[in-house]
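Everything on this sheet refers to the single structure shown next.
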Amino acid sequence: MNEGNVFPVDFLADYAATILRCGATTVRTEKNVQRIAGACGYHAEINIYPRHVDVNVTNVGNGKNTTRSRAIPDWEINFSTITALSRLSWRCHDRHPKQEIIMRQYRRIVNARRISSSAVISLTALANASFCRLFGGDYASMAIVLVATACGFYMKGNLCSKWKLDARAAIFMAGCVSAILSCAGYVFNIGKTPDVALATSVLYLVPGIHYLNAASDLINRHYICAICRFIHAGIMTICLSTGLYAAMTIMRIGLTH
Amino acid sequence: MTSALFNINDTWIIYGCITLVLLTAFGSKVWHKVNKLNSKYHIITWDNNTIYTQDDEDEDYE
């Protein structure tokens, strides 16, 4: 084995696993990894599987190659990390920095502080309340959706992190709780559009990024990843729909034409 | 369009949901505090015949 290959292959495998974990598409992962490898004088091939990623690095000079495999941890969507890692790949391409500098910058990106959970909850609640307005809800319904979303989102995070509950069960429970809380418009006679509040209360649980990534992978002919992401997103959608249906059953709400 | 038929019990479902959210928020903290309190003062104790019980702190390993 060529010892000179160890830096790029280990680094590139970690890089690929991290960027995939943060929710990057396969095409972006491939391009970024190949860009960094090219900047270091290597050629990289990447195999992306649903839970693992293999990176094969070939030394352009002597033709020797090394392969590393990394497990992709559970998805933790973080667009700022994806952007920073993409910028790092362009920096490698344009300036050819030393290996230590690349590693230092990579570690800084990976260890960067995330936006606080209270800010995420507030922004998600505001976004979902805006959805309610978009679908014709009044201000009272928006307020109800804001509270229901904040409670559901907070509960989902807590059930996964503190109580170590399965993500699917947490989504089911969050959907159910949000939908029941959004029925406050019906129960307490608040606002004129309680049906809009109920319908939009669970929208924050729709896994839009996974659906978009599945479509992107499909276009990029990464069919296995596309199907995997689509199934994952579909299961989450089923969980939130089941939660909504359970809430409607508990509250005895029926659909009429 | 949705149709709904509510009675007074439905308000309790909403209050129950709020309680559930609070429970998930503070439940683990309360559980750990009670657990710590119990291990300190042995409020709840059991005999040594119970197969799952073990108290390593006072164990003599001679």
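The values are calculated or read from the model by the stated rules, or taken from the named source; none is laboratory data. Note that this is a predicted model, so its numbers are computed, not measured. Glycine gets a Cβ as well: all are built from the backbone with ideal geometry, and neighbour counts include every protein chain shown. For accessibility, only protein heavy atoms count, side chains too; no ligands or nucleic acids. Shrake-Rupley method; radii C 1.70, N 1.55, O 1.52, S 1.80 Å.
For this structure, a couple of remarks:
- Using a simple spin-label model with pseudo-atoms 7 Å out from Cα toward Cβ, A:Ile235 and A:His43 lie 3.8 nm apart.
- Multiplying the residue separation of A:Leu212 and A:Phe188 by 0.36 nm and subtracting their alpha-carbon distance yields 4.8 nm.
- Viscosity 0.692 mPa s, 37 °C: Kirkwood-radius Stokes-Einstein D of chain A over Cα pairs, µm²/s: 161 µm²/s
- 0 to 90° range, to nearest 10: angle between helix A:26-39 axis and chain A longest Cα axis: 30 degrees
- Of the solvent-accessible surface of the protein assembly as shown, computed with a 1.4 Å probe over protein heavy atoms with every protein chain present, carbon and sulfur atoms account for 61 percent.
- The distance between label points at A:Thr83 and A:Tyr223 comes to 3.6 nm (points 7 Å beyond Cα on the Cα→Cβ vector).
- C-alpha long axis of helix A:117-134 to longest principal axis of chain A, angle in °: 60 degrees
- Over segment A:9-110, relative contact order from alpha-carbon pairs under 8 Å, at least 6 apart, %: 31 percent
- Radius 13 Å from Cβ of A:Ala174, net charge of other residues (Lys, Arg +1; Asp, Glu -1): +1
- Summing both sides, the accessible surface hidden between A and B at a 1.4 Å probe radius is close to 2100 Å².
- Relative intensity, log₁₀ I(q)/I(0), of segment A:10-49 from a Debye sum that treats every alpha carbon as a point, q = 0.19 Å⁻¹: -0.46
- Between B:Asn35 and B:Ile18, full extension at 0.36 nm per residue minus the direct alpha carbon distance yields a gain of 3.7 nm.
- Taking the alpha carbon gyration tensor of segment A:9-110, multiplying each eigenvalue by 5 and rooting it gives semi-axes of 20, 17, 11 Å, largest first.
- For the peptides A:98-104, A:149-155, residues were scored by their other Cβ atoms within 10 Å and the scores averaged per peptide; the highest-first order is A:149-155, A:98-104.
- Directionally averaged projected area (segment A:112-203, Cα convex hull): 6.1 nm².
- Calculated FRET efficiency, B:Phe26 to A:Thr249, Cβ-Cβ distance, R0 = 25 Å: about 0.30 to the nearest 0.05.
- Residues in segment B:13-28 occluded by at least 40 Å² - accessible area, probe radius 1.4 Å, against chain by itself: B:Ile13, B:Ile14, B:Cys17, B:Leu20, B:Val21, B:Thr24, B:Ala25, B:Ser28
- Subset of A:Lys162/B:Lys36; A:Lys156/A:Lys192; A:Lys31/A:Lys162; A:Lys31/A:Lys164; A:Lys156/B:Lys40; A:Lys164/B:Lys29 violating a 26 Å alpha-carbon distance limit: A:Lys156/A:Lys192; A:Lys31/A:Lys162; A:Lys31/A:Lys164; A:Lys156/B:Lys40
- At a probe radius of 1.4 angstrom, the accessible area of the protein assembly as shown per residue rounds to 59 square angstrom.
- Helix A:79-95 and the longest principal axis of the C-alpha atoms of chain A enclose an angle of approximately 20°.
- Chain A, relative contact order [Cα under 8 Å, separation at least 6], %: 17 percent
- Listing of segment A:188-206 residues, each with accessible area lower by at least 30 Å² in the full protein assembly than in the chain alone (probe 1.4 Å): A:Phe188, A:Asp195
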